[in-house]
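Asks: The structure is given below, and queries will be raised subsequently.
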Amino acid sequence: MQTGSSPASISDYGLIADGRSCALISRGGSIDWLCWPRLDSEACFAALLGSRDNGRWLIAPTGAARTERAYEDDTVILVTTHEVEGGTARVVDFMAMLNGTPAIIRRVEGLRGRVEMECDLVIRADYGRTVPWVERVGEDEWHAIAGPDLFILRTDVELHGDDLHTVGVFEVAAGEIRDFVLTHGHSFGPAPDRVDAEDALAATRSYWDAFTDRIRLPSAMRPEWRAAVRRSLLTLKALTYIPSGGIAAAATTSLPESLGGGRNWDYRFCWLRDSAFTLQAFLETGLTREAQAWRDWLIRAVAGSPEQLQVMYGLAGERVLTEWVVDWLPGFAGSRPVRVGNAAANQFQLDVYGEVADVLALATRRGLPPHERQEAYRQIIMEFLATAWTEPDEGIWEIRGEPRHFVYSKVMAWVGFDHAAKAAEAAGDEDERARLRGIAESIRDDVCERGFNARLGTFTQYYGSETVDSSLLMLPLVGFLPPDDPRMTGTVAAIERELLQGGFLLRYQTDGHDGLDGHEGTFLLCSFWLVEVYALQGRMEEAVTLFERLVAVANDLGLLAEEVDAETGEMLGNFPQAFSHVGLVMAAIALSRRRHNGTPPLHW
């Protein structure tokens, strides 16, 4: 029986999903992370942040094996092939895309000879703490009850209890199939229905095939980039909570931004900022159905007073995301603390107001039917922002130190007014256009006067700072200044000089002003922004070289975390990360558009 704890590398993991939750499976065949029934529910497999005794489900050969894995075509069905001395077997892992019972299905197929396999099921509710009551029911069922949760494993493989684990060793011969079906329900209700593995596999294949059939990529996109873009879009879909349309920033909590460090956050929520980037990625690739669902989630989530706008919400729009520490988990590679919830939900981040106002206009400009409340809410937001833009905030990177006048935050407020003025002009309202344009110009003048350091020849992270921030790369991407403006070329040069590390970009220098100890890896989204800026500046060779290096950072399944250690190449941060995959999609489109007509698209 394999007894090790979580793998040493975040890149060891693959993802499966069903539009409500996700699971992470290690290269060695262990499901080490699963929150059920929702992606933000309490984990019942938490070995990712601890050991196997915090919950996992292993199905793998009993001895040494040569292992390969891949997704089945353009799906989120993971196929892992194990070759041992006497034979070959594969495990097909997926979460059933059904409207009813939540189910994880693990199908073991014999391909050659005979392979001895083992199963070790360790359910631990409440983030790896609660041992359930487990009993056998009938010939092929094992029931596990922990408070309100009921887990049922159905299989014809003979299992038994051993030291609070449900285990078994079995052989699979060429041509044989052994199915394991784990379902979830309520302990106080009827047992979850049986799920037929064959029917579920067919339905799941059909679902993912239908999704990828709707993807439309630019004809000028290089063939070798298309697979990475499709995998990124599949990952964004996998992170979507289908009942609401909300998209989680990542499938995990507390994977560290530096091994052994304390910059560990819960990303299983929906950020408003992400909506702007993700919405455009969907619209640029023909996924209007997903774009509309995300836009509608946004309208519902932000309903109410603009003073109460949050930077993030729960998957269904929940507002209370209280942050607390799971002190019984040691963290990935000993990286404490493990956090659940996110206190940044209570921060004031100025940029999101401009992003929300503009993403609603973007949706309409790109052909989505307007939501009945979106124009009224956009007007309310802009009225609030007309005075709020002068206030300091915690910024895009959610610092936990003193609020500052961050340049990026001010620029995004400008974006909101710039496009609101354009909308007023299109509507023929000259007085409103003049008023909104006046506010936009006031913001631009303020940023150029107080956010630009003439001595250093660069925009700075915040007013009065002498350091840069990778978010400044967005200034030419949103049209605040032309990419060849000397102030922008100077800023890009300063970012390259100060923040490039191992060829990738840090977000900013972690010198303590953010209120946190320790450091972090290079940030993949920022590096993708640099690709787009290079393309805008006509530095195409550098843009393509950097883009291809970034794509190569992905693991063997095409998945990206939030960050990468520039020295070791190891992934860092929560995984898989929506922001990183959005960055890949948009950079690929920008490069393709540049190749086709010389001009990559703006983000807004």
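Asks: Go over the candidates Gln280, Gln310 one by one and state the one that is farther than 27 Å from Ser11 by Cα and in a loop (DSSP other than H, G, I, E, B).
Replies: Details: Gln280 fails: in a loop (DSSP other than H, G, I, E, B).
Among Gln280, Gln310, only Gln310 is farther than 27 Å from Ser11 by Cα and in a loop (DSSP other than H, G, I, E, B).
Asks: Is it the case that the stretch 80-99 has a residue that's surrounded by fewer than 17 Cβ atoms within 10 Å (Cβ to Cβ) and under 25 Å from the mean Cα position of the chain (by Cα)?
Replies: yes
Asks: Do we find a residue being closer than 26 Å to Arg222 by Cα, in a loop (DSSP other than H, G, I, E, B) and in contact with a helix residue (DSSP H, G or I) (Cβ under 9 Å, 6 or more places away or on another chain) anywhere in the stretch 505-522?
Replies: Checked against the condition, which is being closer than 26 Å to Arg222 by Cα, in a loop (DSSP other than H, G, I, E, B) and in contact with a helix residue (DSSP H, G or I) (Cβ under 9 Å, 6 or more places away or on another chain), the stretch 505-522 yields no hits at all.
Asks: Checking the conditions here, which among Thr491, Thr510 is touching a His at 6+ places or on another chain (Cβ under 8 Å) and of a type in the set (Ser, Thr, Tyr)? Write out each step before concluding.
Replies: On the way: Thr491 fails: touching a His at 6+ places or on another chain (Cβ under 8 Å).
Just a single option satisfies the conditions, and that option is Thr510.
Asks: A further question on this structure: In the stretch 320-343, what count of residues is obtained for those that are surrounded by fewer than 18 Cβ atoms within 10 Å (Cβ to Cβ), among the β-branched types (Val, Ile, Thr) and closer than 18 Å to Glu257 by Cβ?
Replies: 1
Asks: Looking at the stretch 136-217, what strands (runs of 3 or more DSSP E) fall wholly within it and have at least 2 residues that are under 29 Å from the mean Cα position of the chain (by Cα)?
Replies: 149-155, 177-186
Asks: So which of Arg90, Arg136, Arg66, Arg106 ends up being within 20 Å of Asp193 (Cβ to Cβ) and without any contact (Cβ under 8 Å) to a residue 60 or more places away in the chain? Write out each step before concluding.
Replies: Values: Arg90 fails: within 20 Å of Asp193 (Cβ to Cβ); Arg66 fails: within 20 Å of Asp193 (Cβ to Cβ); Arg106 fails: without any contact (Cβ under 8 Å) to a residue 60 or more places away in the chain.
Answer to the check: Arg136.
Asks: I want to confirm something. Restricting to the stretch 403-447 and keeping residues that are among the basic types (Lys, Arg) and within 29 Å of the chain's Cα centre (by Cα), which single residue is nearest to Ala376 (Cα to Cα)? Before you say what the answer is, go through the steps one by one.
Replies: Filtering the stretch 403-447 down to residues among the basic types (Lys, Arg) leaves 404, 410, 422, 433, 435, 437, 444.
From what is left, the residues that are within 29 Å of the chain's Cα centre (by Cα) are 404, 410.
Working: Arg404: 30, Lys410: 23 Å.
Only one residue fits best here, namely Lys410.
Asks: Got at least one residue in the stretch 437-454 being assigned to a loop (DSSP other than H, G, I, E, B) and modelled with pLDDT of 95 or more? If you could, list the steps in order and put the result at the bottom.
Replies: Taking the stretch 437-454 and keeping what is assigned to a loop (DSSP other than H, G, I, E, B), we get 451, 454.
Adding the requirement that they be modelled with pLDDT of 95 or more leaves 451, 454.
Scanning the stretch 437-454 turns up at least one residue that is assigned to a loop (DSSP other than H, G, I, E, B) and modelled with pLDDT of 95 or more.
Asks: Do the conditions hold for Leu546, that is, is it at pLDDT 95 or above and crowded, with 24+ Cβ neighbours inside 10 Å?
Replies: Working: at pLDDT 95 or above: yes; crowded, with 24+ Cβ neighbours inside 10 Å: no.
Answer is no for this residue.
Asks: In the stretch 523-567, what count of residues is obtained for those that are assigned to a helix (DSSP H, G or I), over 20 Å from Ser232 (Cβ atoms) and free of Cβ contacts under 8 Å to residues at least 12 places away in the same chain?
Replies: Residues flagged as assigned to a helix (DSSP H, G or I), over 20 Å from Ser232 (Cβ atoms) and free of Cβ contacts under 8 Å to residues at least 12 places away in the same chain within the stretch 523-567 amount to 2.
Asks: Identify, please: which residue in the stretch 455-478 is surrounded by fewer than 17 Cβ atoms within 10 Å (Cβ to Cβ) and among the small types (Gly, Ala, Ser) and is, among those, farthest from the chain's Cα centre (by Cα)?
Replies: Quick first cut of the stretch 455-478, residues surrounded by fewer than 17 Cβ atoms within 10 Å (Cβ to Cβ) only: 455-457, 464, 466.
Cutting the leftovers down to among the small types (Gly, Ala, Ser) gives us 457, 464.
Details: Gly457: 35, Gly464: 33 Å.
Applying the filter and picking the extreme gives Gly457.
Asks: Could I ask something else about it? Please state which one of Ile380, Ile299, Ile399 is in contact (Cβ under 8 Å) with a residue 24 or more places away in the chain, assigned to a loop (DSSP other than H, G, I, E, B), in the same structural domain as Thr253 (by TED's automatic domain parsing) and surrounded by fewer than 24 Cβ atoms within 10 Å (Cβ to Cβ). Quick ask: steps written out before the conclusion?
Replies: On the way: Ile380 fails: assigned to a loop (DSSP other than H, G, I, E, B); Ile299 fails: assigned to a loop (DSSP other than H, G, I, E, B).
From the options Ile380, Ile299, Ile399, the qualifying one is Ile399.
Asks: Given the conditions (1) under 23 Å from the mean Cα position of the chain (by Cα); (2) surrounded by fewer than 24 Cβ atoms within 10 Å (Cβ to Cβ); (3) of a type in the set (A, V, I, L, M, F, W, C), report the number of the one that Phe523 does not fulfil.
Replies: (2)
Asks: Now for a different question. Restricting attention to the stretch 302-319, and to residues there that are over 20 Å from the mean Cα position of the chain (by Cα) and touching a residue at least 12 places away in the same chain (Cβ under 8 Å), which single residue is surrounded by the fewest Cβ atoms within 10 Å (Cβ to Cβ)? Before the answer, list the steps.
Replies: First, the residues of the stretch 302-319 that are over 20 Å from the mean Cα position of the chain (by Cα): 302-309.
Narrowing further to those that are touching a residue at least 12 places away in the same chain (Cβ under 8 Å): 302-303, 306-307, 309.
Numbers: Val302: 24, Ala303: 11, Pro306: 17, Glu307: 8, Leu309: 19.
Once the filter is applied, the top-ranked residue is Glu307.
Asks: At least 3 residues that are among the hydrophobic types (A, V, I, L, M, F, W, C) in each: list the strands (runs of 3 or more DSSP E) lying fully within the stretch 45-110 that qualify.
Replies: Working: elements: 56-61, 66-71, 78-84, 87-95.
Fully inside the stretch 45-110 and qualifying: 56-61, 78-84, 87-95.
Asks: Sticking with this one: Scan Leu385, Leu368, Leu350, Leu360 and give me the residue that is surrounded by 18 or more Cβ atoms within 10 Å (Cβ to Cβ) and either farther than 22 Å from Tyr408 by Cα or without any contact (Cβ under 8 Å) to a residue 12 or more places away in the chain (or both). Walk me through how you get there before you give the answer.
Replies: Working: Leu385 fails: either farther than 22 Å from Tyr408 by Cα or without any contact (Cβ under 8 Å) to a residue 12 or more places away in the chain (or both); Leu350 fails: either farther than 22 Å from Tyr408 by Cα or without any contact (Cβ under 8 Å) to a residue 12 or more places away in the chain (or both); Leu360 fails: either farther than 22 Å from Tyr408 by Cα or without any contact (Cβ under 8 Å) to a residue 12 or more places away in the chain (or both).
Just a single option satisfies the conditions, and that option is Leu368.
Asks: Residue check: is Ala344 among the small types (Gly, Ala, Ser) and closer than 19 Å to Leu279 by Cβ? Give the derivation first.
Replies: Numbers: among the small types (Gly, Ala, Ser): yes; closer than 19 Å to Leu279 by Cβ: no.
No: the conditions fail for Ala344.
The values are calculated or read from the model by the stated rules, or taken from the named source; none is laboratory data. Every value quoted in this text rests on a predicted model; they were computed, and no experiment measured them. Reconstructed Cβ throughout: ideal geometry from the backbone, glycine too, with neighbour counts over all protein chains shown.
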